[in-house]
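The values are calculated or read from the model by the stated rules, or taken from the named source; none is laboratory data. Quick caveat, the model's predicted, so the values are computed rather than measured. Every residue, glycine among them, receives a Cβ derived from its backbone with ideal geometry; neighbour counts consider all protein chains shown. All accessible areas refer to the heavy atoms of the entire protein, side chains included, with ligands and DNA or RNA removed. Shrake-Rupley method; radii C 1.70, N 1.55, O 1.52, S 1.80 Å.
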Protein chains: 2
Amino acid sequence: MGLDKTVAGLAQALAEAGLRDGMTLSFHHHLRNGDGVLNMALDGASSLGVKGLKVAASSIFPVHAPLVGHVKNGTVTDLDVNYMSGPVADLVSSGGVSSTVTFRTHGGRPRAIESGELSVDIAVIAAPTCDCRGNISGVIGPSACGSLGYAMADAAHAKTVIAVTDNLISRVVPASIDQSLVDIVVPVGSIGDPSGIVSGTTKIPRNPVALTIARYAASAIDASGLWREGVSFQTGAGGASLATALYLREIMVDRGFRGSFAMGGITSQMVRFLEDGLVDNLYDVQCFDLDAVRSLGVNRGHVEVSASLYASPGNKGPLVDDLDVVILGAAEIDLDFNVNVHTDSSGRIIGGSGGHSDTAAGAKLTVVVAPLVRARLPMVVDRVIAVSTPGSTVDLLVTERGMAVNPSRPELKEALERAGLPVFSIGHLRDIALSMTGIPEEVRPQGRVVAEVEYRDGRIIDRIRAIE
Amino acid sequence: MGLDKTVAGLAQALAEAGLRDGMTLSFHHHLRNGDGVLNMALDGASSLGVKGLKVAASSIFPVHAPLVGHVKNGTVTDLDVNYMSGPVADLVSSGGVSSTVTFRTHGGRPRAIESGELSVDIAVIAAPTCDCRGNISGVIGPSACGSLGYAMADAAHAKTVIAVTDNLISRVVPASIDQSLVDIVVPVGSIGDPSGIVSGTTKIPRNPVALTIARYAASAIDASGLWREGVSFQTGAGGASLATALYLREIMVDRGFRGSFAMGGITSQMVRFLEDGLVDNLYDVQCFDLDAVRSLGVNRGHVEVSASLYASPGNKGPLVDDLDVVILGAAEIDLDFNVNVHTDSSGRIIGGSGGHSDTAAGAKLTVVVAPLVRARLPMVVDRVIAVSTPGSTVDLLVTERGMAVNPSRPELKEALERAGLPVFSIGHLRDIALSMTGIPEEVRPQGRVVAEVEYRDGRIIDRIRAIE
């Protein structure tokens, strides 16, 4: 076996890694709501009697509900995340975490790790396939998740790296994270629940509001002049975004041109772009479905990228800086085009930046797609509850009732108007929303600051308060 | 074009990189004796009037003769290399470089760069193919050299990284070194002379001495018990080494077993092992011929590795630690099994460690193959002129007149004797050599110290003196 780094059990591994009170443990979120590793590691830490840990997890999902207990018993005192939803987010919103949570972005997190600003003592890496030396791949195994892009900075910079795997094989080649970075390998029965990791396939919505938004968005992107030979783009896995990409694809096929690359979280839809020859490359920081996982394993043009290469403003040229078009969602957008993806309209934490502000900063055209009204509340507001993405990096809002262009982009506004698209001021869209919802009760959270929103470059751009 | 980092001319690029007196410039040697980039960069530096540079080049070849002039005019004052041959080596041996040269190993160099011990101001990377953002591949282009393993630590850690390319294409995917690491791209007419970069094919020798050594070596490796299902190995590109691998291959085929991996500098011979299903993987830090370059581009099992992953003792598990068998050469070997690959028998510098001491330290069985007499001088000596690889890491010497086992490996000696192989004490082999050559004049260089031999872990294990 040569270099055998296997250790029986995560608690034992954490003990060997020298886990002590106050340390920082990091986790990646490619297993999403199927992840079993974060809970397993914190149970292990708790069994060792350790207190005051910081959990630096790229994202936290409902499956991580047991973390609530670890906060309550003092095992964990600090959270550093790019995104959180579910019971842990609710705990933070209710003021149940006494320290202030740091919200980063997908690009800001590797920047902070690489610069030493976020120092990780122990990185715990969920490894869908691993060998005894610590060579890791996400492409195969019962819990295959595809790309391991978010774990790469952690693996490269943490003092100790523990790989946790439910598929120990004799040798992993090629490795996404290699043996030169990994200290300990822990074989376990299961690292997660495959049904929560990736969906079998990502479905295009039939919801008429989403389809209307998508038609408008595709037309606007086309009218911008950027949807042309060699275009690079990122679309999300949300319904309107998927539908927009479908319309954009039709434009490509009809006019017979090809894009250069698509990137971000990769869906089967993007795989179709690649396999049908409509783009040359997919840059993949995370796979959203099984088809993306398969493609990453077989297509030379589909490459795994680190979160740093994807989006960090600290390196010499992240891929986001090369984006022509990005399509993003929003929980709220305000009259200055600031976007909130951290909280819902009541101020409750429901997400986080992820790569939202990174791609918005990099892309030539940042399009926010969202329904004008959601749960009987206006999506366009005077002032967002939390600024996730500064309005200066958002060019266009598209809703089912029309679109609004950032005043800093008059030439874009002209182009859309020339194309006969329904362009309004964002204030007008707010008024339409209010006419549908009535003026809602002002519900800005008034509690203490429970979280800080750190922009990708390290500046704190907003603070989130507890709901009282 | 998005992120366009192109700059016209290396002098301009060096100026933009802030080149100043006393800085350290690094270079990689995959273009070997066909490299045009080191000379071009130093001409550029010289044209800027800069003085006192340190050249940290993984290797220096005869093609780098113009460096002699740059030393003489003071542009370059310090050399930090893993290997050197030709006019620059002669200059050092004659005392023509006033500072002491640091000789490192292929694993020690990335260790020193990653730890900050060797701080590189500007890495100049010969890029067989590159895009304007700095994504680099060695697999295609008129000067294709295959793996870029030795350049990776430089690219990751140098303050400024300049890629020099003669094949600027629209987008490089996959990239061996990516845009997040590269500051400046310099398109030039040619980065080198392809005929000096890689040979068309690596030939097995017909020389009877080499074939005898190879037969003995293969039999000894077989008798050691390590040549079995799953074996991992590294062989060099020297004649006896190539022939040994040929015999070892026959043993595999005859007995119907397979190895796990071969690694190091990769030749067409190793590609045959892979493509004939005799090993699962090739770990490639450098391609020695065009067939290796081709294979790296098409075979999933043939993967490029960094010099750090290959051999650094500073990381969490270099590949050399997983080697069963390595076959190495020697200019001299002494009664303590210390090997000299830095100088010839007269003390003139003719090479350097490369990966010699790294693989010797890692492998379960380190075999040195060499003719007992070379240029009418004994290869086995009382005391080597320079210790490149400590005898404690060498297990077996094989010559055409018999073999000698390190006394620290009595069980190996027994196994070889049981197999009926001609095993002698190393003193006896020295005596045979002396009986052939007569007692040579003692010619240890007596000049000042011109170079230090740094072991892979950073310890200075020997000093090389000038020839007077």
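Express the carbon and sulfur contribution to the solvent-accessible surface of the range A:314-411 as a percent, rounded to the nearest whole number, probe 1.4 angstrom. Please report the intermediate quantities before stating the final value.
Working: 1380 of 2680 Å².
In the range A:314-411, the share of accessible area belonging to carbon and sulfur is 52 percent.
For the range A:394-414 and the range B:95-142, what is the separation of their C-alpha centers, rounded to whole Å?
The two parts, judged by their Cα centres, are 48 Å apart.
Along the Cα→Cβ direction, 7 angstrom out, place labels at residue B:251 and residue A:425. What is the inter-label distance in nm?
Inter-label distance under the simple model: 8.5 nm.
Looking at chain A only, what percent of DSSP beta bridges run antiparallel? Nearest 5 please. Don't skip to the end; give the middle numbers.
Values: 19 of 76 bridges.
In chain A, approximately 25 percent of DSSP beta bridges are antiparallel ones.
Accessible area, 1.4 Å probe, largest first: how do B:255, A:430 sort? Don't skip to the end; give the middle numbers.
On the way: B:255 135, A:430 50 Å².
Sorted by accessible area, descending: B:255, A:430.
By DSSP, what percent of the beta bridges with both residues in the range A:10-197 are antiparallel, rounded to the nearest 5? All intermediate terms of the calculation are to be shown ahead of the outcome.
On the way: 4 of 30 bridges.
If I count the DSSP bridges inside the range A:10-197, around 15 percent turn out antiparallel.
Reported to two decimal places, what Rg/Rh ratio describes the protein assembly as shown when computed on Cα atoms with Rh from the Kirkwood expression? Don't skip to the answer; put the middle values down first.
Values: Rg = 30.5 Å, Rh = 29.8 Å.
Looking at the protein assembly as shown, the ratio lands at 1.02.
For label points placed 7 Å from Cα toward Cβ, what is the shortest-first list of nm distances from residue B:253 to its copies?
Spelled out, the distances from residue B:253's label point are 5.1 nm.
For the range B:420-468, report the accessible area per residue in Å² (1.4 Å probe, heavy atoms, rounded to an integer).
On the way: 2700 Å² over 49 residues.
Per residue, the range B:420-468 has 55 Å² of solvent-accessible surface.
Checking the table B:51/B:72; B:5/B:51; B:5/B:159; B:364/B:413 against a 18 Å threshold on Cα-Cα, which pairs fail? Could the numbers behind the result be given before it?
Values: B:51/B:72 11 Å; B:5/B:51 27 Å; B:5/B:159 16 Å; B:364/B:413 14 Å.
In this structure, B:5/B:51 exceed 18 Å between Cα atoms.
If you scale each eigenvalue of the Cα gyration tensor by 5 and take the root, what three semi-axes come out for the range B:411-468, rounded to whole angstrom and sorted largest first?
Working: eigenvalues 226, 95, 6 Å².
The answer is 34, 22, 5 Å, longest axis first.
Where does the range A:208-445 land on Rg/Rh, using Cα atoms and the Kirkwood Rh? Could you put the intermediate results ahead of the total?
On the way: Rg = 17.3 Å, Rh = 17.9 Å.
Radius of gyration over Kirkwood radius for the range A:208-445 works out to 0.96.
Based only on Cα atoms, what mean projected area does the convex hull of the range A:1-121 have, in nm²? Could the numbers behind the result be given before it?
Numbers: hull surface 32.1 nm².
Mean projected area of the Cα convex hull: 8.0 nm².
Dimensions of chain A along principal axes (Cα, Å, largest first)?
Answer, in whole Å and largest first: 67, 53, 38 Å.
For the range B:338-468, what is the largest minus smallest coordinate of the Cα atoms on each principal axis, given in angstrom and ordered from greatest to least?
So the extents along the principal axes, rounded to whole Å, are 48, 38, 18.
Restricting everything to alpha-carbon atoms, can you work out Rg to Rh for the range B:299-362 with a Kirkwood hydrodynamic radius?
On the way: Rg = 14.2 Å, Rh = 13.4 Å.
That ratio is 1.06, to two decimals.
May I ask you to compute the full-extension gain from residue B:65 to residue B:48, defined as 0.36 nm times their residue separation minus their alpha-carbon distance, rounded to one decimal in nm?
Details: separation 17, 0.36 × 17 = 6.12 nm, distance 2.01 nm.
Value of the extension gain: 4.1 nm.
Over 27 Å, how big is the tail of the calculated P(r) for the range A:10-197, in percent of all Cα pairs? If you can, show how the numbers build up before the last one.
On the way: 3234 of 17578 pairs.
That tail contains 18 percent of the Cα-Cα pairs.
Summarise the long-distance tail of P(r) for the range A:1-71 by giving the % of C-alpha pairs beyond 22 Å. Please list the in-between numbers first.
Values: 579 of 2485 pairs.
Summing the P(r) of the range A:1-71 above 22 Å gives 23 percent of all pairs.
Which FRET efficiency, nearest 0.05, do residue B:459 and residue A:300 yield, Cβ-Cβ r, R0 45 Å? Walk me through the intermediate numbers first.
Details: r = 43 Å, r/R0 = 0.96.
In this case the efficiency is close to 0.55.
For residue A:449, place a label point 7 Å from Cα along the Cα-to-Cβ direction in every copy; what are the distances to the other copies, in nm, shortest first?
Those label-point separations list as 5.6 nm.
Mind listing the label-point distances from residue A:206 to the same position on all other copies, shortest first, one decimal in nm, points 7 Å along Cα→Cβ?
7.6
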